[in-house]
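Q: First the structure, then my questions, so here it is.
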Amino acid sequence: MAKAKALLKKAGFANGFPLRVEVMVDRTPGDAAVYQTMADMLKQIGVKVELRTITFPSWLSKYLTGTFDKDTDAFTLSW
């Protein structure tokens, strides 16, 4: 964890940063728990993750058209 914090500091994010992620849940067993664990782990180094749950049809439309919300930083892929 110390190494991750040091890298964030070196990159200019000593106080962390917000990260908004659109996630699809109920696609694979335990996926919601995996996303929550990821968010909890990133929180420990200062990354404030906001998980936004979306449906597969909504995700697919955004993915195919490149129309994710302007304030979305990342999205999940599950192939």
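The values are calculated or read from the model by the stated rules, or taken from the named source; none is laboratory data. Keep in mind the model is a prediction, meaning the values are calculated, not measured. Methodologically, a virtual Cβ is constructed for each residue, glycine included, from the backbone with ideal geometry; neighbour enumeration extends over all protein chains shown. When the accessible area is computed, the model is the full protein with side chains, heavy atoms only, and any ligands, DNA or RNA have been set aside. Shrake-Rupley method; radii C 1.70, N 1.55, O 1.52, S 1.80 Å.
Q: Could you give the accessible area per residue of region 3-70, probe 1.4 Å, as a whole number in Å²?
A: 70 Å²
Q: So who's got an amide H within less than 5 Å of the one on I54, skipping anything under 5 residues away but keeping other chains? H placed 1.01 Å off N, in plane.
A: Hits under the 5 Å cutoff: V23, M24, V25.
Q: Residue by residue through region 10-25, which ³J(HN,Hα) values in whole Hz follow from phi under the Karplus form 6.51 cos²θ - 1.76 cosθ + 1.60 (θ = phi - 60°), with glycine and proline marked x?
A: These are the phi-based 3J(HN,Hα) values: 4, 7, x, 10, 4, 9, x, 6, x, 9, 9, 10, 8, 10, 9, 10 Hz.
Q: What is the set of long-range amide H partners of K48 at a cut-off below 5 Å, with H atoms built 1.01 Å from backbone N?
A: Excluding prolines and chain starts, which carry no amide H, the hits are F17, L19.
Q: Still on this model: Efficiency by 1/(1 + (r/R0)^6): what FRET value for T53 and A6, r their Cβ-Cβ distance, R0 = 25 Å, to the nearest 0.05?
A: 0.15
Q: Would you calculate a helix-derived [θ] at 222 nm for the chain, using -39,500 (n - 2.57) for each DSSP H run of n ≥ 4 and dividing by the full residue count, to the nearest 500?
A: Estimated from H runs of four or more residues: -12000 deg cm²/dmol.
Q: Sticking with this structure for a sec: Accessible area of the chain with a 1.4 Å probe: how many percent of it is carbon plus sulfur?
A: 61 percent
Q: Sticking with this structure for a sec: Let me make sure I get this right: for region 5-79, a, b and c are the square roots of the gyration tensor eigenvalues over alpha carbons, sorted descending. Under 1.5 in a/c it's rounded, otherwise prolate if a/b > b/c, else oblate. Which is it?
A: Note, shape of region 5-79 comes out oblate.
Q: Taking the Cα-to-Cβ direction at M41 and at D69 and moving 7 Å from each Cα, how far apart do the two end points lie in nm?
A: In this crude spin-label approximation the distance works out to 2.5 nm.
Q: Sticking with this one: In degrees between 0 and 90, to the nearest 10, how far off the longest principal axis of the chain does helix 31-43 point, with axes built from Cα atoms?
A: With rounding to tens, the tilt is 20 degrees.
Q: Using only the alpha-carbon atoms, how far is helix 56-65 inclined from the longest principal axis of the chain? Give it as 0 to 90 degrees, nearest 10.
A: Approximately 80 degrees, to the nearest 10.
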